[in-house]
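Quick notes on the structure that follows.
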Amino acid sequence: MLTVDQVAACGVVPVVVLEDAEQAVPTAKALLAGGINAMEITFRTAAARDSIARVAAEVPEMIVGAGTVINVEQLHQAVDAGAKFIVSPGSAEDVIAEAIKLNVPITPGVVTPSEIMLGLKYGLKVFKFFPAESFGGLKTIKALCGPFPQIRFIPTGGINQNNAAEYFKNPKIVAVGGSWMVTKDMVVAGDFAGITEKSAAATALCKEIRG
Ligand code: 3PG
């Protein structure tokens, strides 16, 4: 089974919102050209399922996952479409348990010790910290690592090229998530060169810090 560390190997997990599945493959290729080899396509639009299926079928080098998975039905849709990993904004026990049953890596969203303890019950070691900047960013992550030294995070929400460096420097951070390298506007405008440029800058920053 794929591990979360493999998914997050380039240090950046883009959160992608697609209104039209036609945009999925060019977006995936633009991210790959910028050094990003995993993408989270969110279940915030009706095009999510088809978008995941297209990337899974047509861009095999891209590890495509499903984001904003908030119930078991979406989880099944995502996995059936070919999602290789699951991201949720929160911690729903039925979703976590079903993902484990299906053998698909899941990073549920947490901001509190109780949510972390729910994930620990299922053996999870990597959590999405969301919305990161609104909930205290690294300061809160450092505090949470006191009682939970065994876990690491993928912080998401409010992170961008200007503040990602401090996260990359911290060993408790597996990768950072965010939409800054692939905004809705860029996708709608077909600005795939812009997506590649911002992705390359993000992966270069991570490499500069992590080597
Ligand atoms: C989200 O789920 O919306 C992500 O956290 C993206 O947040 P960002 O747009 O602030 O990067």
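Which aspartates and glutamates, on any chain, are close to Lys198 with Cα under 16 Å apart, when same-chain ones fewer than 8 places away are left out?
List returned: Asp185, Glu208.
How big is D, in µm² s⁻¹, for the chain by Stokes-Einstein at 10 °C and 1.306 mPa s if Rh is the Kirkwood radius over C-alpha pairs?
Calculated translational D: 95 µm²/s.
Using the Cβ atoms and a cut-off under 10 Å, what net charge is assigned to the surroundings of Ile106, where Lys and Arg are +1 and Asp and Glu are -1?
It works out to a net charge of 0.
Give me the tail of P(r) for segment 64-131 as a percent: Cα-Cα pairs with distance above 21 Å.
Counting every Cα pair in segment 64-131, those more than 21 Å apart make up 13 percent.
Please state the relative contact order of segment 52-182 as a whole percent: Cα pairs under 8 Å, 6+ residues apart?
It comes to 16 percent, rounded to a whole number.
Run lengths n ≥ 4 of DSSP H only: what is the helix-derived mean residue ellipticity at 222 nm for the chain, with -39500 (n - 2.57) per run over all residues, to the nearest 500?
Helix contribution divided over all residues of the chain: -12000 deg cm²/dmol.
Along the charge dipole of segment 67-211, Cβ charges K/R +1 and D/E -1, which of Ala189, Leu138, Gln77 sits furthest on the positive end?
Ranked along the dipole, the leading option is Leu138.
Considering only the other residues whose Cβ falls under 13 Å of the Cβ of Lys198, what net charge follows from Lys and Arg at +1 and Asp and Glu at -1?
-3
Every number in this text was worked out from the coordinates using simple rules, so none of it is lab data. All values derive from a computational prediction rather than experimental measurement. In this analysis, Cβ positions are derived from the backbone assuming ideal geometry, glycine residues included, and neighbour counts consider all displayed protein chains.
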